[in-house]
Amino acid sequence: MANITARVDSVGMRVDSVAARVDSFPSDLDARFDRHLKSVVSHLKSMRKSIRDTQRNDLRVLYENISSDLDESFGTLAQRMDASFDRLERSPRATKRSSSSDAPSRRSPAKVARGLSSETVYDVDAAPKHSSPPAQAAEALPSSPTTSPTPTLPLPTTPAQAPTTAHDLAHTSVAPAEGRKKRDNEIKVIQTKAEEAPKIEEQYRVVCMSWEDRTKSLATAEAKLEANPNDTAAKKSVAEFREVLKSIKKDKDALGAKLTLYELLEAAAGAPEFLTDVNRRATSEKAKRATFNNKVKLAAGFLTARKNDFANAVGEEAKKAAHKELEMATAAHKKASDDAAKQSNVATAVLAQKFQTKVSVDRMIELASTVLDRLDAESIDADFVGVCADAKRDFVAFRKQVESFDVESVTL
């Protein structure tokens, strides 16, 4: 009987224990649910903040890109408008109007706003800008590419200006296209003329060989004459060889100068392709920079999420796992930031090269156009030949430096 009573008591205690567990189960479930809900809410908040930061950074990058493109576009527009004003000033119509003494002044209001005097006479017979004297050409071509002067924008509309007409708008829209077409035609002429360079080089090589042969023959004749001053044949040979060498020297110098000009044409003929390659590389590096910046944003969002997970982790094992993931996220974010910083330096360097290349190529095309005007002259100025030789040497060195640019050499 006592044994049965003990068993009944034991069963009763077990039932009480089960009842206690059943009673505490809802509260434990509520606590777990609350912790999980807090973790989810915290994660959602971190995601919202990360998305907000990402959108803000995307807008900032977009704003910088748009600002850069607008600055470049406005600079190009200012140069074109300035060139259009220069063409208007040198047009035959401007010469006719300004040089007329009987008719009243018929200058356009735009010229009045630009401060031109009523006695201004535009000389349309003056030499074009490509046929400037050698000293001016030397000033236009420094040994290293430099920053071009900032283009001046035309003055804003004043009360003295007439309203813009449809004809003016049409002329403004057509002028840039005409300028590009003219430049393309100049480049084609330069490239066609540069194809004759190998022929001039061969002629110069033949003349140099003849010069060397006649120089050796003169030396032999002079040696014979020195050994026997009374040798009449040796005297005659020395005199003849000296006359021949004078003639060959004249041809040699002329062909050498001509070859220098053709070598500049060769360098200028390949300049547009060089500029295209540099522009393509600059576009590629800018796109890479944007990609790396996006990776930094993603890594930052992932790092924020891991920080929140670590802060909300419960238990020793969960803390260790969250801390390990946090360390990995921190390392990934640092690597992404370093890569983005390096790529930013690369893009900045390439964009600077793009601007310098544009200035250098424009000057080479301008000088090559001047060379075309002087190529068939009876005599070529030695100073101008020196300017062309220096310009070609500097451009070739600059192109080699740009083409050999190593991305890996850029540091943080």
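For Lys320, the conditions (1) of a type outside the set (Asp, Glu); (2) within 30 Å of Lys258 (Cα to Cα); (3) in a helix (DSSP H, G or I) are fulfilled apart from (2).
Part of a helix (DSSP H, G or I), surrounded by 13 or more Cβ atoms within 10 Å (Cβ to Cβ) and of a type in the set (Ser, Thr, Tyr): does that describe Ser284? Answer is no for this residue. Restricting Val385, Val410 to residues that are under 25 Å from Ile187 (Cα atoms), surrounded by 14 or more Cβ atoms within 10 Å (Cβ to Cβ), in contact (Cβ under 8 Å) with a residue 60 or more places away in the chain and among the β-branched types (Val, Ile, Thr) narrows the list to Val385. The residue list Thr260, Thr291 contains one member that is assigned to a helix (DSSP H, G or I), outside the structural domain of Ala349 (by TED's automatic domain parsing) and among the β-branched types (Val, Ile, Thr), which is Thr260. Taking first residues from segment 229-248 that are surrounded by fewer than 15 Cβ atoms within 10 Å (Cβ to Cβ) and partners that are of a type outside the set (D, E, K, R), the Cβ contacts under 8 Å between residues at least 6 apart in sequence or on separate chains come to Arg242/Leu218. Examine segment 298-313 for a residue that is touching a residue at least 60 places away in the same chain (Cβ under 8 Å) and under 30 Å from Arg280 (Cα atoms), and state whether such a residue exists. Yes, segment 298-313 contains a residue that is touching a residue at least 60 places away in the same chain (Cβ under 8 Å) and under 30 Å from Arg280 (Cα atoms). Within segment 333-350, the set of residues being of a type in the set (A, V, I, L, M) and either buried (at least 18 other Cβ atoms within 10 Å of the Cβ) or not in a helix (DSSP H, G or I) (or both) comprises Ala336, Ala340, Val346, Ala347, Val350. When you look at Ala368, is it among the hydrophobic types (A, V, I, L, M, F, W, C), in the same structural domain as Glu403 (by TED's automatic domain parsing) and more than 20 Å from the chain's Cα centre (by Cα), yes or no? When the stated conditions are applied, Ala368 passes them.
The values are calculated or read from the model by the stated rules, or taken from the named source; none is laboratory data. Please read these numbers as outputs of a predicted model, since none were measured by experiment. Here Cβ is always computed from backbone atoms with ideal geometry, including for glycine, and neighbour counts include all displayed protein chains.
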